[in-house]
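The values are calculated or read from the model by the stated rules, or taken from the named source; none is laboratory data. All values reported here derive from a predicted model rather than from experimental measurement. Cβ sites come from the backbone with ideal geometry, for glycine too, and all protein chains shown count toward neighbours. Heavy atoms of the whole protein, side chains included, go into the accessibility calculation; ligands, DNA and RNA do not. Shrake-Rupley method; radii C 1.70, N 1.55, O 1.52, S 1.80 Å.
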Amino acid sequence: MRPKIICHMVTSIDGKLHPSRFTVPAAGVDAARLRKHYDEVSARFGAQGWMCGRVTMQEISKGKARTVTGPGITSREPFVGDRRERDLAVAIDPHGKVHYGQDSLLGDHAVAVLSEAVSDAYLAELREDGVSYVFAGPDGRDLAKAMDALGETFGVETLLLEGGAAINGAFLKAGLIGDEISVLIHPAVDGLAGVQSIFEYPGEPDERPGAGQALRHMSTETLEGGMVWLRYQVEKAPA
């Protein structure tokens, strides 16, 4: 069964994603307290894991490419490492560019979502590291297949989609954020044109990645320091 997918992000008031660019908190507002809100809210969803894109996951893993000692893996079936009941840290990495060196990321079990075109040697590297993996079709674009595989292989019921912008856009376009969008609005502004926003799908000018979908407001909560938590249910657009 496909897991429930909640897109959970923190942004500036102009929808940008890079906290290092945000304006500083107002006098008397604790910046450390603001930073804690994201993880505290994440825990309230009771998810069994989180997902992000290749660039974000490589920054987290900090692994290095290496030559594997054993033979390559020719099969293209899901592989399950020693999860040990940990939550999942899922990397959407069609081309197999993330290197791990371990199976634990921020205390969670690493899982790669790959295309079937990755090399046999790369799959052997993942197995040596204990990293689990599933496939998203021949070119890695079949995200629905990958989400089905995560649900069936690991029995997860809820996953948090935590960006970046391109991955969020791909899930939006595929209609896979079928449950909820959760946004924490940081009391700050970025202001620069061209900086990544929550959703960025590289389509044609007349394309509508969110077509057929509608958002229903669920709740608004103001958190300590002035951060605002918005929750929207994702529904099919009315006919």
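Couple of notes before you dig in:
- With only the Cα atoms considered, region 72-124 has a convex hull volume of 79 Å³ per residue.
- Within the chain, percent of DSSP bridges classed antiparallel, to nearest 5: 40 percent
- Assigned charges on the beta-carbon of Lys, Arg, Asp, Glu; the chain dipole about Cα centre (debye): 260 debye
- Exposure of Asp30 as accessible area (Å², to 10), given a probe of 1.4 Å and all protein chains: 90 Å²
- Residue-level accessible surface for Lys62, protein heavy atoms, 1.4 Å, Å²: 150 Å²
- Short-range pairs are left out: with C-alpha atoms under 8 Å and at least six residues apart, the relative contact order of the chain is 30 percent.
- GNM result for the chain, Cα springs below 10 Å: residue of Ala165, Ala124, Ala32 fluctuating most strongly: Ala32
- Residues Arg76, Arg66, sorted by accessible area with the largest first, give Arg66, Arg76 [1.4 Å probe; ligands and nucleic acids excluded].
- Neighbour count of at most 16 Cβ within 10 Å plus DSSP loop: longest GluC sites (Glu not before Pro)-free window in the chain: 1-84
- Our summary gives region 61-180 a relative contact order of 25 percent, counting only alpha carbon pairs under 8 angstrom and 6 or more residues apart.
- Once C-alpha pairs closer than 8 Å and six or more residues apart are averaged by separation and normalised to the residue number of region 141-209, the relative contact order reads 40 percent.
- Förster radius 25 Å - calculated FRET efficiency between Lys97 and Phe45 (Cβ-Cβ, nearest 0.05): 0.30
- Debye intensity ratio I(q)/I(0), log10, region 29-174, q values 0.20 Å⁻¹ (C-alpha model): -1.28
- For the chain, calculated [θ]222 nm from helices alone, where every DSSP H run of n ≥ 4 adds -39500 (n - 2.57): -6500 deg cm²/dmol
- Point-charge dipole on Cβ atoms (K/R +1, D/E -1) for region 1-96, about Cα centre, debye to 20: 120 debye
- Rough spin-label spacing in nm, given labels placed 7 Å along Cα→Cβ, for Glu77 and His18: 4.4 nm
- Dipole orientation for the chain: of the candidates Thr11, Pro205, Gly191, Gly191 has the Cα lying most toward the positive pole (charges on Cβ; Lys, Arg +1; Asp, Glu -1).
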